[in-house]
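Written out below as structure tokens is the structure these notes cover.
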């Protein structure tokens, strides 16, 4: 039988790529992810992932319809994730792991992609903060894309009006952005990017993606997972943090999400905390994100264990984090770093013909060409030579214990 090529559309911030998979039935998620990373010439690829929506699992809140968001599983066949037909499939290339220290991002291009993600989080209301912080972050965005503030080109705040920095943006905020923009004279785009990342990482909601749940009393809550552990919110106010050091095991059982804590030294009146999701899919989705964040940030290395084939009767999920850890990425990039040409930045602002010449080098490409040739194991894969060296609390199988 003749193989039929399948097309997936991947939206990379403002650029769209069409990826072709040769084997529609058997190609795993890694095939698509590696193609995207090769087109971007991206070295620090493991910080990122491909996100897609489950159109069959939607819910309506007020007038809006929301679909469950999943990370593409790199070890699982595409057809079992985004659909059998792969017709009109749209995936988004996003930051998956928000590093607490942007200085650990070795390449300017990686920091630039992070900045595109922060801009999107800010504009969509995911990165909520006070007006002063919002204005400061927006001013770094403007400095990176427009260069220095020049009175002849920007006599008032209206040069900012055509761009959405935050929801419910008003003229007063735009004036604050302009005043901050004036103070950044002389900053290069790379310096402005780093300042944006340093400011955003101090925000309480940096990298937080909310997942609706309830406690044992039925009180609505939001759960999020980040580099430090699992965070509990009421609306967008943080009320508790379960750091990885406090957690002995995480698991799920149908729509129940369970956090088993170390019994001594932390002052909790019980060693297991329980949360309830709307359904099993939502619960397992959050559990998988916790497993991956723990593996990426807490482990020195992870052992690549082949997935078990689906059985009729199973006592748990075989899902494990399969990429490089942050420690491995830092070491890999430092060992394989090469000087690359200046990449072109995407242009967000609508400039008039009188715009200052500092934006003349702003292009529309996201590619950071050239780069080292990507070998078979260059993207998102652990080397077999690395020994498994996990923190004492992270014994094999404990943090990953999912139940159905």
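The values are calculated or read from the model by the stated rules, or taken from the named source; none is laboratory data. Predicted model only: the values in this text are computed from it and were never measured. Methodologically, a virtual Cβ is constructed for each residue, glycine included, from the backbone with ideal geometry; neighbour enumeration extends over all protein chains shown.
Among what's in the range 219-236 and is outside any strand (DSSP E or B) and modelled with pLDDT of 95 or more, pick the residue that is farthest from the chain's Cα centre (by Cα). Lay out the reasoning, then the answer.
The initial filter retains those residues of the range 219-236 that are outside any strand (DSSP E or B), namely 219, 227-228, 235-236.
Right, trim to modelled with pLDDT of 95 or more and you get 219, 227-228.
On the way: 219: 28, 227: 12, 228: 15 Å.
Restricting to residues being outside any strand (DSSP E or B) and modelled with pLDDT of 95 or more, the top hit is 219.
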Somewhere in the range 323-336, is a residue in the same structural domain as residue 221 (by TED's automatic domain parsing), under 28 Å from residue 48 (Cβ atoms), assigned to a loop (DSSP other than H, G, I, E, B) and modelled with pLDDT under 90? yes
Q) Does the range 101-111 include one or more residues that are at pLDDT below 85 and surrounded by fewer than 20 Cβ atoms within 10 Å (Cβ to Cβ)? A) no
So for the range 80-90 (the condition being touching a helix residue (DSSP H, G or I) at 6+ places or on another chain (Cβ under 8 Å), at pLDDT below 95 and within 29 Å of residue 343 (Cβ to Cβ)), does at least one residue qualify?
no
Subset of the range 145-159, residues within 23 Å of residue 195 (Cβ to Cβ) and either assigned to a loop (DSSP other than H, G, I, E, B) or modelled with pLDDT of 95 or more (or both), comes to 147, 148, 149, 150, 151, 153, 154
It is to be established whether one or more residues within the range 237-252 are assigned to a loop (DSSP other than H, G, I, E, B) and surrounded by 13 or more Cβ atoms within 10 Å (Cβ to Cβ).
no
Going through the range 184-234 in order, the residues found to be free of Cβ contacts under 8 Å to residues at least 40 places away in the same chain, within 15 Å of residue 133 (Cα to Cα) and either in contact with a helix residue (DSSP H, G or I) (Cβ under 8 Å, 6 or more places away or on another chain) or crowded, with 19+ Cβ neighbours inside 10 Å (or both) are none
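Name the single residue, out of those in the range 14-30 being crowded, with 19+ Cβ neighbours inside 10 Å and in contact with a strand residue (DSSP E or B) (Cβ under 8 Å, 6 or more places away or on another chain), that is modelled with the lowest pLDDT. Reasoning before the result, please.
Restricting attention to the range 14-30, the residues satisfying the condition of being crowded, with 19+ Cβ neighbours inside 10 Å are 19, 21, 28-30.
After this cut, where a residue has to be in contact with a strand residue (DSSP E or B) (Cβ under 8 Å, 6 or more places away or on another chain) as well, the list is 19, 21, 28-29.
Details: 19: 61, 21: 55, 28: 87, 29: 89.
Among those residues, the one meeting the criterion is 21.
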Note on the range 141-183: residues surrounded by fewer than 16 Cβ atoms within 10 Å (Cβ to Cβ), under 28 Å from the mean Cα position of the chain (by Cα) and touching a residue at least 24 places away in the same chain (Cβ under 8 Å) are 162, 164, 167
Restricted to the range 275-307 and to residues being under 17 Å from residue 251 (Cβ atoms) and part of a loop (DSSP other than H, G, I, E, B), the residue modelled with the highest pLDDT is 277
